[in-house]
Every structure is written in C-alpha cells, then in structure tokens.
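S.K.: Here's a structure for you.
Derivation of every value follows stated rules applied to the coordinates shown; laboratory data play no part. The shown structure was predicted, so the numbers you read here are calculated from the model rather than taken from an experiment. A quick note on method: Cβ atoms are made from the backbone with ideal geometry, for glycine too, and the neighbour counts reach across all protein chains shown.
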Amino acid sequence: MTNLQAAVGLGQVERMEPIVARKRWMAAVYTEPLKGIPGLKLPIERPWARNVYWMYAVELEQAAGLNASHFAQKLQEREDQIRLFFIGMHAQPVLRDRGLFEGEEYLVADKISRQGLYLPSGIALSESQLDQVCEAVRKVLT
C-alpha cells in the first residue's frame, strides 16, 4: 500500500461510523416498504451479526417469475440503477480459463447469482430517491 492509499484509508476509517449509520438508515428506508412483496427476499440481520449494508442485496424467489437480469432490466427501464450480484469464483472467466473449478458445481452460488441484485445504495441518495426505487420494485413485482 502506498502512503497516499494509506492516508485515504485512514481518512475513511475516521468516517466509518457515520457512513455505517447512514447505510443502516438507508436499509431501514428500503426494508419497510419492501417487506411482504411476494417473491422478494430482503437482507436479514442475526442477533450475533450487525449488517453494515455495504450494498442492499435482495433475492428474487422462483415465485416471482423473473430472474435478476430480467428484473434489473425492468427497473432500469424506470431509470433505476440496479446492479446484479457478483458471480461466484468458480464462474469467473479468468479462473475458468485456467482450468480451475473444472467439473465442480456450486448450486447455491449459481442460484444466488441468477436471482440476486443490489438496489442503489450510494450514501448520497436521498430518502425520496430510495422511495422511488421501492415504488418501482413494487410495480414490477406486484
């Protein structure tokens, strides 16, 4: 790590608590209106783990009748910036090209990468912007 990278990193560490508080607030703004939408699984927290909601990840259940790619396309038609889940290490082209994971299956990782996506989660988003995303999700799924 260079001195410049270290300085930027230390500056971010000093801002960590306000950033995490903002991310947790954003998650609450998303969770309340999205609760109970059929076919949509929301992030959960366990008593032993505090979610910092780096990204607000949702997963579509089979009952939704859409995969994440189609769902994202419908939301992007409404001008919402949606990001698909990352693909598993076993599906990364650079690793597959090297023959890694050959003959192996990771069914859960594959399912999540097909059915999961991230809702917009930049810390500069306003509550009204978050509400617009929730409304778009509701319209696409109900």
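S.K.: I need 128, 69, 113 ordered by Cβ neighbour count within 10 Å, fewest first. Provide the component values of the computation, followed by the final result.
M.R.: Details: 128 7, 69 13, 113 18.
In increasing order of surrounding Cβ atoms, one gets 128, 69, 113.
S.K.: In the set [x] 15.1; [y] 17.1; [z] 18.4, which value of Kirkwood radius over Cα pairs in Å was calculated from the structure you see?
M.R.: [y]
S.K.: Can you grab the distance from the C-alpha centre of region 25-42 to the C-alpha centre of region 103-142, Å, no decimals?
M.R.: That distance is 10 Å.
S.K.: Here's something else I'd like to know. Loop-only check: which GluC sites (Glu not before Pro) in region 52-142 are DSSP coil with at most 15 other Cβ within 10 angstrom?
M.R.: In loop regions of region 52-142 (DSSP not H, G, I, E or B), the sparsely surrounded GluC sites (Glu not before Pro) are 61, 77, 79, 102, 104, 105.
S.K.: Among residues other than residue 116 whose Cβ falls under 12 Å from its Cβ, what is the net charge (Lys/Arg +1, Asp/Glu -1)?
M.R.: +1
S.K.: Kindly provide the trypsin sites (Lys or Arg not before Pro) of region 43-114 that DSSP labels as loop, not H, G, I, E or B, and whose Cβ sees at most 10 other Cβ atoms within 10 Å. Let's see the in-between values first.
M.R.: Values: sites: 50, 74, 78, 83, 96, 98, 111, 114; in loops: 50, 78, 98.
Answer in residue order: 50, 98.
S.K.: All other residues with a Cβ under 11 Å from the Cβ of residue 89 taken together, and with Lys, Arg as +1 and Asp, Glu as -1, what is their net charge?
M.R.: On the way: positive: 96; negative: 104.
Here the count lands on 0.
S.K.: Right, another one. For a quick check, take a GNM of the chain with Cα springs below 10 Å and name the residue from 84, 95, 130 with the largest mean-square fluctuation.
M.R.: Residue with maximal mean-square fluctuation among 84, 95, 130: 95.
S.K.: Mean separation of Cα pairs under 8 Å and 6+ residues apart, divided by the residue count of region 16-141: what relative contact order is that in percent?
M.R.: Working: 149 pairs, mean separation 42.8, N = 126.
Normalised by residue count, the contact order of region 16-141 is 34 percent.
S.K.: Can you list which of the chymotrypsin sites (Phe, Trp or Tyr not before Pro) found in region 27-73 are DSSP loop residues with at most 12 other C-beta atoms within 10 Å? Before the final figure, lay out each step's value.
M.R.: Working: sites: 30, 48, 53, 54, 56, 71; in loops: 48, 53, 54.
Within region 27-73, the qualifying chymotrypsin sites (Phe, Trp or Tyr not before Pro) (loop, at most 12 other Cβ atoms within 10 Å) are 48, 54.
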